[in-house]
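The values are calculated or read from the model by the stated rules, or taken from the named source; none is laboratory data. None of the values given here were measured: they were computed from a predicted structure. All Cβ positions, glycine included, derive from the backbone under ideal geometry; neighbour counts span all protein chains shown. Just the protein is used for accessible areas: all its heavy atoms, side chains included, with ligands, DNA and RNA removed. Shrake-Rupley method; radii C 1.70, N 1.55, O 1.52, S 1.80 Å.
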Amino acid sequence: MNILLTGGAGYIGSHTAVELLQKNHSVIIFDNLSNSDINVLDKIEKITGKRPDFVKGDVRSREDLQKLFDSKKIDCVIHFAGLKAVGESVAEPLMYYENNFNGTVYLLQEMKKHNVKNIIFSSSATVYKPTDKNPITEEYELGASNPYGRTKLFIEEMLKDLYASDKSFNVVLLRYFNPIGAHSSGLLGENPSGIPNNLMPYICRVATGKLEILSVFGNDYPTKDGTGVRDYIHVMDLASGHAKAIDKIEENCGLAVYNLGTGIGYSVLDIVNTFNKVNGNLVKYKIAPRRDGDLAEYYACAKKANDELGWKAEKTLEDMCRSAYLYEKNNG
Ligand code: NAD
Ligand code: UFG
């Protein structure tokens with residue numbers, strides 16, 4: 001298939017590009033490079049021996065989208081492009097609605113105009129209403145609690161409305177849990193600018209001495225060791241989930257929703273201890289107050305993706321910690 005990856009130069013998109021090229025799909029990356037670097041194309045080529053097609057552009061620009069769809073043959077779109085920082089979305093909600101929501105409206109209009117009716121959307125576990133009933137299945141009640149999450153939820157609703165109006169679309173909503181880790185080559189990975197908000201990038205910077213100590217946000221949650229529990233998934237497992245979703249689209253699946261998680265919950269201390277075990281004792285931590293808005297524990301029920309996509313996360317927490325650190329050492 002000829003697959004367009006909006007936001008394909010970013011963290012998840014670049015790993016997915018590798019997976020799709022290795023499965024002999026053609027990949028076109030469309031990205032405004034607001035949170036990524038053009039040299040990712042060289043790295044993808046180095047890993048796969050194939051260079052993805054690249055078009056610089058913005059999903060908020062109807063003109064950019066029109067040129068793209070006029071000039072390329074596209075069978076399916078994986079829509080990664082968007083902003084993703086929860087805190088920033090609270091401070092700048094309109095920026096998030098414009099980029100994530102409007103950008104998606106324009107993209108879908110252009111797709112419809114060109115009769116491109118296959119889309120996979122990067123959604124998030126953040127669309128689920130906070131719950132203490134784990135594991136979280138796809139049927140759980142929805143209800144995001146911040147502007148970023150609402151952009152994901154509203155886009156999901158828009159895609160459902162679109163499908164209801166035109167059943168010749170195939171729409172796959174992938175709800176990612178907590179993606180971490182990096183390609184085993186150490187060439188691709190996650191490199192957030194500034195001080196990281198998320199756990200694994202923060203740990204990696206403590207390990208390389210760029211940050212002094214990790215603050216563990218709370219050790220009095222009702223969890224196995226008192227620290228927050230999440231479903232961390234290796235980014236290459238996530239990438240293979242997208243390849244399986246493409247196979248599903250090729251079967252004309254209509255509208256489908258899948259969690260992409262491992263189904264296993266790890267605590268903050270599990271992550272720190274495993275990281276220290278596989279990479280040497282590099283990460284010091286201190287217990288700090290809880291972070292506003294954090295839930296004690298959530299992890300996916302990953303059964304539906306297993307049953308219907310034939311997909312299962314295979315990499316271990318050790319793999320996630322080792323690859324994340326290798327990338328940080330090489331690129332951070
Ligand atoms: P990322 O920031 O690394 O990648 C996003 C890419 O989109 C970047 O390359 C950026 O330059 C590009 N982009 C942003 N706005 C654009 C625009 N208007 N036009 C064109 N390109 C644009 O993020 P990521 O971690 O790879 O996330 C990819 C998708 O997955 C996002 O939609 C994100 O919300 C979603 N998601 C991420 C996580 C996570 O923890 N990383 C979890 C759940 C869902
Ligand atoms: N944590 C720390 N110290 C840190 C950073 C995080 O103890 O410096 C803890 C958090 O309290 C939480 C866990 O590590 O218990 C994971 O935190 P992250 O910030 O890495 O991830 P979140 O689960 O809070 O959120 C992430 C993304 C969201 C997304 C959500 C669900 O940041 O955008 O996963 O997909 F919506």
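List of remarks:
- Residues of region 191-203 that are of a type in the set (Val, Ile, Thr) and open to solvent by 40 Å² or more (accessible area, probe 1.4 Å): 195 alone.
- Region 181-194 residues that are acidic (Asp, Glu), paired with ones that are within 16 Å of ligand 2 (Cβ to nearest atom) and open to solvent by less than 40 Å² (accessible area, probe 1.4 Å) (beta carbon under 7 Å, 6 or more apart): 190/11; 190/182; 190/201
- Residues of region 236-269 that turn out to be under 21 Å from residue 206 (Cα atoms) and in contact with a helix residue (DSSP H, G or I) (Cβ under 7 Å, 6 or more places away or on another chain), as a count: 2
- Region 141-159 residues that are closer than 21 Å to residue 170 by Cα, paired with ones that are among the small types (Gly, Ala, Ser) and not in a loop (DSSP other than H, G, I, E, B) (beta carbon under 7 Å, 6 or more apart): 152/123; 152/124; 156/123
- Members of region 305-332 found to be touching a strand residue (DSSP E or B) at 6+ places or on another chain (Cβ under 6 Å) and farther than 24 Å from residue 205 by Cα, listed by number: 305, 313
- Tabulated pairs, region 1-19, first in contact (Cβ under 8 Å) with a residue 60 or more places away in the chain and near ligand 1 (Cβ under 9 Å from one of its atoms), second among the aliphatic types (A, V, I, L, M) and in a loop (DSSP other than H, G, I, E, B), C-beta under 7 angstrom, 6+ apart or interchain: 6/59; 6/81; 7/81; 14/188; 15/188
- For region 106-133, filtered to residues that are in a helix (DSSP H, G or I) and within 16 Å of ligand 2 (Cβ to nearest atom), the residue that is most open to solvent (accessible area, probe 1.4 Å) is 126.
- Screening 257, 268 for residues that are within 24 Å of residue 144 (Cα to Cα) and in contact with a Phe, Trp or Tyr (Cβ under 8 Å, 6 or more places away or on another chain) leaves exactly one candidate, 268.
- Region 278-332: number of residues that are of a type in the set (D, E, K, R), over 14 Å from residue 230 (Cβ atoms), within 16 Å of ligand 2 (Cβ to nearest atom) and surrounded by fewer than 20 Cβ atoms within 10 Å (Cβ to Cβ): 4
- Matching strands (runs of 3 or more DSSP E) fully within region 1-105 where at least 2 residues are among the aromatic types (Phe, Trp, Tyr), under 19 Å from the mean Cα position of the chain (by Cα) and surrounded by fewer than 23 Cβ atoms within 10 Å (Cβ to Cβ): none
- Put simply, of 162, 188, 174 the only residue that is assigned to a helix (DSSP H, G or I) and open to solvent by less than 50 Å² (accessible area, probe 1.4 Å) is 162.
- The requirement of being open to solvent by 30 Å² or more (accessible area, probe 1.4 Å), outside any loop (DSSP other than H, G, I, E, B) and either of a type in the set (D, E, K, R) or free of Cβ contacts under 8 Å to residues at least 24 places away in the same chain (or both) is fulfilled nowhere in region 204-212; no residue meets it.
- Looking only at region 213-255, and only at residues there that are of a type in the set (A, V, I, L, M, F, W, C), touching an Asp or Glu at 6+ places or on another chain (Cβ under 8 Å) and open to solvent by 10 Å² or more (accessible area, probe 1.4 Å), the one that is farthest from residue 125 (Cα to Cα): 217
- Any pair with Cβ under 7 angstrom, 6 or more apart, that starts in region 258-287 at a residue that is more than 22 Å from residue 237 (Cα to Cα) and ends at one that is at pLDDT below 95: 276/282
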